[in-house]
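Participant: Before we start, here is the structure in question, set down as structure tokens.
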Amino acid sequence: MGRVEEEFEGLFRRYEEPICTYLARMTGDPPRAQELAQETFLRAYRAMARGEVWDNPRAWLYRVASRLAANDYRRRKLLQWLPLREREAVPGPLLAEDCAARLDFQAALATLPPRYRAPLLLSAVAGYRVADIAAILGLRPSAVKMRLCRAREMLRRACDGQR
């Protein structure tokens, strides 16, 4: 195994789960999130093979994942006019109240546009600070703060609307 493969394997082992979790929350679709995570790591491998070195590989991965999720959202939004398959009904008695609450929250989160969802998830789930989120998303820290504020408000309204 070469140096690039060893470095990539370490990168993949360390960040595969957090990136998949982040993308699942960004897309609301775990299988699609797996595909986007795979694309994220494929791009990382290709970049490493070209000799690219990052000061912060975690931030680089989240930046790529965020862009892929945003592009996926735009693509899906363009195709919204297509008839959607009916969602499979989940029997009500089998769901615990906390599970229903999580599903309601996930649905509310899915209503946020990616430009607001990404900083919120990077902050709340991945634990990044405003300056780190700004670097990942290519924004000014003031823009990140504003998006976080707006995202929290949008999420609160979406959650209130479901009750």
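The values are calculated or read from the model by the stated rules, or taken from the named source; none is laboratory data. These figures come from a predicted structure and were not determined experimentally. Ideal geometry is used to build each Cβ from the backbone, glycine not excepted, and the neighbour counts take in all protein chains shown. Each accessible area value is taken on the protein alone, full model and side chains, heavy atoms only, with ligands, DNA and RNA left out. Shrake-Rupley method; radii C 1.70, N 1.55, O 1.52, S 1.80 Å.
Participant: So if I check each of Arg76, Arg63, Arg87, Arg102, which one is at pLDDT 90 or above and either surrounded by 12 or more Cβ atoms within 10 Å (Cβ to Cβ) or more than 17 Å from the chain's Cα centre (by Cα) (or both)?
Facilitator: Arg63
Participant: Something else about it: Of the residues in region 112-145, how many are more than 23 Å from Asn71 (Cβ to Cβ) and of a type in the set (A, V, I, L, M)?
Facilitator: The number of residues fulfilling the criteria is 2.
Participant: Quick one: in region 108-125, which of the residues that are out of contact with any helix residue (DSSP H, G or I) (no Cβ under 6 Å at 6 or more places or on another chain) and among the hydrophobic types (A, V, I, L, M, F, W, C) is least open to solvent (accessible area, probe 1.4 Å)?
Facilitator: Leu109
Participant: Out of region 34-48, which residues are within 12 Å of Ile19 (Cβ to Cβ) and buried (at least 18 other Cβ atoms within 10 Å of the Cβ)?
Facilitator: Leu36, Ala37, Thr40, Phe41, Ala44
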